[in-house]
Amino acid sequence: MEPPPLVLLVGLALLGLTRSLSITSAESAFEKAQGERVTLPCTFELSEEDVGTLDIEWVLIPADIQKKEETIILYSGDRIYNHYHPALAGRLQFTSSDPKSGDGSVDILNLKSADTGTYQCKVKKAPGVESLKIQLNVLVKPASTKCSIEGSQEIGKDIVLKCASQEGTPLLYYDWRRVVTGTQGLPATSVLNKNTGELLLKNASKDYSGTYSCVASNRVGTDECSVELNVTPPINTAGVIAGAILGTLLGLALLAFLVICCCKKHREKKYEKEVHHEIREDVLPPKSRSSTARSYIGSNRSSLGSMSPSNMEGYSKTPYSQVPSEDFERTSGQNQTIASSKSDIAHKIGDITVV
């Protein structure tokens with residue numbers, strides 16, 4: 001029995017649909033490390049019914065649904081256009097030199113964390129249209145990992161070893177190990193936190209000394225650092241404190257001695273200046289001896305000017321050859337002698353006047 005014409009037409013239509021353009025790639029998610037290379041697959045098959053121009057378009061779907069899709073590379077009319085996305089310039093290319101052969105995959109070189117996102121491959125050849133979404137996640141390997149020791153490295157103390165990576169995509173995990181004479185192992189009292197990278201060593205003993213190594217890791221890589229632990233006996237804190245106090249007291253004593261010496265020196269200089277100033281104020285200027293003698297002789301001559309020659313005989317015997325000096329005037333006994341001499345001269349002058 002032959003099938004009805006309507007059923008035959010439907011069957012042919014369905015057969016035509018199954019033979020139209022189709023994307024054969026299966027992978028839809030990739031996880032790579034920064035700096036690596038990834039190939040986003042987009043292989044397809046064409047049918048005889050697909051007679052239009054072949055277009056292969058890759059777009060980047062933003063995480064924010066409010067934003068529009070952005071074309072990053074396009075193959076159309078046997079030409080490649082890859083100037084749409086500046087951030088991927090020089091790093092994005094078609095995997096095949098002839099995409100129309102059925103391989104519309106693209107390569108992204110030197111991956112960066114900013115390349116993380118959802119990419120969509122659209123293949124069009126009228127009347128066929130197909131698309132495929134691929135999720136790309138670019139992770140950063142742990143890097144610049146640093147190890148450190150927190151706490152006093154003394155016997156009986158709790159010591160914390162710390163490990164942290166400056167770079168790396170979460171989630172990061174940390175693992176500590178100790179190398180002792182060729183074997184690896186942590187002390188029995190140690191407590192490890194793999195998420196924070198802290199290793200707690202309780203009640204440390206000298207046997208805890210050694211080299212400790214930390215490995216930071218995530219899904220795409222690892223990084224390592226190490227630190228040397230040297231557990232020693234406790235420091236004699238009492239002796240250190242006593243030495244510090246003694247040193248402080250000695251320093252204060254020396255400072256006080258210097259201050260006293262400076263003050264004493266300052267007082268001595270001030271006293272010398274005051275004494276010197278008083279001496280200069282008490283000293284009178286010396287008198288001229290020649291002026292004293294001239295004044296004395298001149299006064300005597302003026303007194304003798306009124307004498308007559310007849311009375312000069314007796315008066316000429318009075319000694320005038322001695323001339324008083326400055327020291328002579330300041331002596332009290334000599335002053336009395338001069339006074340008496342002047343008195344005798346006055347009497348004689350009076351006698352001469354009477355005659």
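The values are calculated or read from the model by the stated rules, or taken from the named source; none is laboratory data. All figures in this text were calculated on a predicted structure; none of them were measured in a lab. Note that each Cβ is placed from the backbone with ideal geometry, even for glycine, and that neighbours are counted across all protein chains shown. We work out accessible area using only protein heavy atoms, side chains counted, and drop any ligands, DNA or RNA first. Shrake-Rupley method; radii C 1.70, N 1.55, O 1.52, S 1.80 Å.
Structure notes:
- Given (1) part of a strand (DSSP E or B); (2) touching a residue at least 60 places away in the same chain (Cβ under 8 Å); (3) not small (Gly, Ala, Ser), index of the condition Ile72 fails: (2)
- Hey, Pro233 at pLDDT 85 or above and exposed (fewer than 10 other Cβ atoms within 10 Å of the Cβ) or not: yes
- Which numbered condition Asp223 misses (of (1) over 19 Å from Gln153 (Cα atoms); (2) in contact with a Gly (Cβ under 8 Å, 6 or more places away or on another chain); (3) surrounded by fewer than 12 Cβ atoms within 10 Å (Cβ to Cβ)): (3)
- Taken over the range 1-25, the criterion of being modelled with pLDDT of 90 or more and hydrophobic (A, V, I, L, M, F, W, C) is satisfied by Leu21, Ile23.
- All positions within the range 49-63 that are acidic (Asp, Glu) and crowded, with 16+ Cβ neighbours inside 10 Å: Asp50, Asp55, Glu57
- Among residues that are modelled with pLDDT of 95 or more and open to solvent by 40 Å² or more (accessible area, probe 1.4 Å), Tyr75 is not included.
- Residue in the range 150-162 that is out of contact with any Phe, Trp or Tyr (no Cβ under 9 Å at 6 or more places or on another chain), open to solvent by less than 80 Å² (accessible area, probe 1.4 Å) and of a type in the set (Lys, Arg) present: yes
- When residues of the range 170-184 are limited to those that are free of Cβ contacts under 8 Å to residues at least 24 places away in the same chain and either in contact with a helix residue (DSSP H, G or I) (Cβ under 6 Å, 6 or more places away or on another chain) or part of a strand (DSSP E or B) (or both), the one least open to solvent (accessible area, probe 1.4 Å): Thr183
- Options Pro234, Pro187: the member that is free of Cβ contacts under 8 Å to residues at least 40 places away in the same chain, part of a loop (DSSP other than H, G, I, E, B) and more than 30 Å from Glu31 (Cβ to Cβ): Pro187
Yes/no matrix, rows are residues, columns are (1) of a type outside the set (Asp, Glu); (2) within 30 Å of the chain's Cα centre (by Cα):
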residue: Asn195; (1), (2): yes, no
residue: Lys202; (1), (2): yes, no
residue: Gly210; (1), (2): yes, no
residue: Ser213; (1), (2): yes, yes
residue: Glu228; (1), (2): no, yes
residue: Val231; (1), (2): yes, no
residue: Pro234; (1), (2): yes, no
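- Scanning the range 200-212 for residues that are open to solvent by less than 30 Å² (accessible area, probe 1.4 Å), without any contact (Cβ under 8 Å) to a residue 60 or more places away in the chain and in a strand (DSSP E or B) yields a total of 2.
- Selection status of Val138, open to solvent by less than 30 Å² (accessible area, probe 1.4 Å) and either within 29 Å of Gly104 (Cβ to Cβ) or among the basic types (Lys, Arg) (or both): yes
- Enumeration of residues in the range 78-135 that are crowded, with 17+ Cβ neighbours inside 10 Å, among the acidic types (Asp, Glu) and assigned to a strand (DSSP E or B): Asp103, Glu130
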